[in-house]
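What follows is a single structure, written as structure tokens, with notes after it.
The values are calculated or read from the model by the stated rules, or taken from the named source; none is laboratory data. Predicted, not measured: the structure shown is a model, and the values here were computed from it. Cβ placement follows ideal geometry from the backbone for every residue including glycine, while neighbour counts extend to all protein chains displayed. The area values use the complete protein model at the heavy-atom level, side chains included, leaving out ligands, DNA and RNA. Shrake-Rupley method; radii C 1.70, N 1.55, O 1.52, S 1.80 Å.
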Amino acid sequence: MQRPTIDADLAVVGFGKGGKTLAAAMAGRGARVVMIEQSDQMYGGTCINIGCVPTKSLIYQGEHVDPHTAGEESFRLAAATTRSLTSLMRGKNFAMIDSLDAATVVTGQATFTGPHSLVVRAGDDELEVTATTIVVGTGAEPVLPPIPGLRESNHVVTSTGLLGRTERPRELVVLGGGYVAVELAAMHAAFGARVTLLTRGPRILRHEDDDVATAAAGILADAGVAIRTDVTIDSVADTTTDDGPCARVTYRTADGTTDTVDGDTVLAALGRRPVTDGLGLEAAGVRTDARGAVVVDEHLRTSAEHVFAVGDVNGGPQFTYVSLDDYRIVLDQLVGEGRRSTADRRAVPQAIFMTPPLARVGMTEAEARETGRPLRVAVRRVADMATVPRAKIADPRGLMKAVVDAETDEVLGVTMLSHDAHETINTVALAMRHGVTATRLRDEIYTHPSMTEALNDLFANLA
Ligand SMILES: Cc1cc2nc3c(=O)[nH]c(=O)nc-3n(C[C@H](O)[C@H](O)[C@H](O)COP(=O)(O)OP(=O)(O)OC[C@H]3O[C@@H](n4cnc5c(N)ncnc54)[C@H](O)[C@@H]3O)c2cc1C
Ligand SMILES: NC(=O)c1ccc[n+]([C@@H]2O[C@H](COP(=O)([O-])OP(=O)(O)OC[C@H]3O[C@@H](n4cnc5c(N)ncnc54)[C@H](O)[C@@H]3O)[C@@H](O)[C@H]2O)c1
């Protein structure tokens, strides 16, 4: 029997930030758009359902735990609020596309069958979608390295499994020292879980300078996260102790000693890789690289002229706002002047939502030193900055760091581990993008009291 077919101007695979925004923009211009999403629990993509929104909701609520309520109960309430929030946003996202006359949302898993055709499967149902232009926005998924017992354990979860929990873990073991590991370790500690974090390098947050990562680790330790560095994870095995069923993680430390830690929950936060398996990209002539990422040019065009890839799947930085910028590039290709490109991206900021948050734009000091440029560097403890009284009341922890070219006065990078850092960093990023010098940032007028005014102090202390 022949499959039913829909013909469209644009087919988008994956309801993530870049894909959905493009689908809405194109359908709004009257193009016939088919938006394909494999799960009815994922309208809106990773960020809304299993990424930024649930983590940030739980982190925020963890920062405001009622001291009179037990941690488990606070967590239960926070999880329920978070679930309502993601469910509301999922519904709104579905409606945003579904309500457009020119758009059709199809729920099922898409696979390429030819350069311009996809089959979408949901159970026994199959639908063929043909389109002039196809955009792949299938995101990324957690990596589970071949550590013996990791996949087999009943207690190991990825961020998706952990964020789906309504009960707080009693003893959480976190494997990894990056974004997901730090955010979820800090959040669970704030709700009173016992948390142990195992990381393979000499410190967490391997992309940051030593002084910054050490300060962040100190804050996490004070918040109750036990951090073990230079660890090699040997195995995970399910067992039962006096506390009940759990997983035992066996690891080696730098001096070769073997140790173990038990957790009723073990979070594998060991990186995320692009989702391209089973997409049938070869049928469309779309190439992938060794990591499975779709290979794209600076306009996000793949090796097939009419197929684009946006978001995590194209191997770029894994952030929602980068996926959004990918949308702008593809829209410009489809209906604009075709000038916008990934090469335009400068000073893209990032933030890890521990408490206080850690945000950076541009280079670390270590990266800047590698360029061989003459540098001036300022490192200031927030507690020593006379200009941030509000932070002294709210949260005096952390430090700020600026790295500047000593000859040109160009700001090369700023790191903030401080109250409101995720907001303040955007001002610095904008300044860097528009060539505002360190001296100008030092002498600008900022509101008082605010964290931004700390820039007066930071840039006055370059040495
Ligand atoms: C725990 C966590 C916290 C995060 N926090 C932040 C944060 O605070 N800030 C930030 O900027 N970024 C954060 N990120 C990263 C951010 O979520 C991602 O970079 C972003 O969501 C990627 O969007 P995307 O457009 O690539 O697609 P995604 O949003 O990943 O969407 C891809 C969609 O494609 C669907 N799909 C896959 N294969 C198929 C198929 N064959 N057929 C049909 N549909 C398919 C999937 O179901 C999914 O819905 C976080 C990530 C995680 C995991
Ligand atoms: N606030 C945010 O913007 C935010 C929050 C969460 C996630 N994200 C995005 O999602 C991406 C994925 O997050 P993530 O934390 O999973 O990845 P990550 O790349 O940030 O960290 C991965 C960690 O796993 C460790 N690791 C990898 N393989 C290992 C192994 N075999 N043994 C031991 N350790 C190993 C690495 O050393 C690192 O510490 C991030 O890079 C980020 O782009 C962003």
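Scanning segment 131-158 for residues that are within 16 Å of ligand 1 (Cβ to nearest atom) and either out of contact with any strand residue (DSSP E or B) (no Cβ under 7 Å at 6 or more places or on another chain) or within 30 Å of residue 31 (Cα to Cα) (or both) yields a count of 8.
Residues that are open to solvent by 20 Å² or more (accessible area, probe 1.4 Å) and within 16 Å of ligand 2 (Cβ to nearest atom) within segment 262-281 comprise 270, 271, 272, 273, 275, listed in sequence order.
From the list 229, 158, the lone residue that is within 13 Å of ligand 2 (Cβ to nearest atom), within 20 Å of the chain's Cα centre (by Cα), open to solvent by 30 Å² or more (accessible area, probe 1.4 Å) and not aliphatic (A, V, I, L, M) is 158.
Can you say whether residue 284 is open to solvent by less than 50 Å² (accessible area, probe 1.4 Å) and either within 12 Å of ligand 2 (Cβ to nearest atom) or over 30 Å from residue 55 (Cα atoms) (or both), as far as the supplied structure shows? Yes: the conditions hold for residue 284.
Of note, residue 141 satisfies the criterion of being closer than 27 Å to residue 303 by Cβ, within 16 Å of ligand 2 (Cβ to nearest atom), open to solvent by 40 Å² or more (accessible area, probe 1.4 Å) and at pLDDT 95 or above. The sole residue among 342, 355, 320, 364 that is surrounded by fewer than 22 Cβ atoms within 10 Å (Cβ to Cβ) and in contact with a Cys (Cβ under 6 Å, 6 or more places away or on another chain) is 320.
Yes/no matrix, rows are residues, columns are (1) more than 30 Å from residue 29 (Cα to Cα); (2) in contact (Cβ under 8 Å) with a residue 40 or more places away in the chain:
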residue: 332; (1), (2): no, no
residue: 336; (1), (2): no, no
residue: 345; (1), (2): no, no
residue: 349; (1), (2): yes, yes
residue: 353; (1), (2): yes, yes
residue: 361; (1), (2): yes, yes
residue: 373; (1), (2): yes, no
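Per the listing 107, 69, 133, the residue uniquely touching a residue at least 40 places away in the same chain (Cβ under 8 Å) and either open to solvent by 50 Å² or more (accessible area, probe 1.4 Å) or more than 27 Å from residue 304 (Cβ to Cβ) (or both) is 107. Here residue 446 fulfils each of the conditions (1) touching a residue at least 24 places away in the same chain (Cβ under 8 Å); (2) more than 17 Å from residue 359 (Cα to Cα); (3) in contact with an Asp or Glu (Cβ under 6 Å, 6 or more places away or on another chain) apart from (1).
A single member of 383, 366 is modelled with pLDDT under 95 and part of a helix (DSSP H, G or I), and it is 383.
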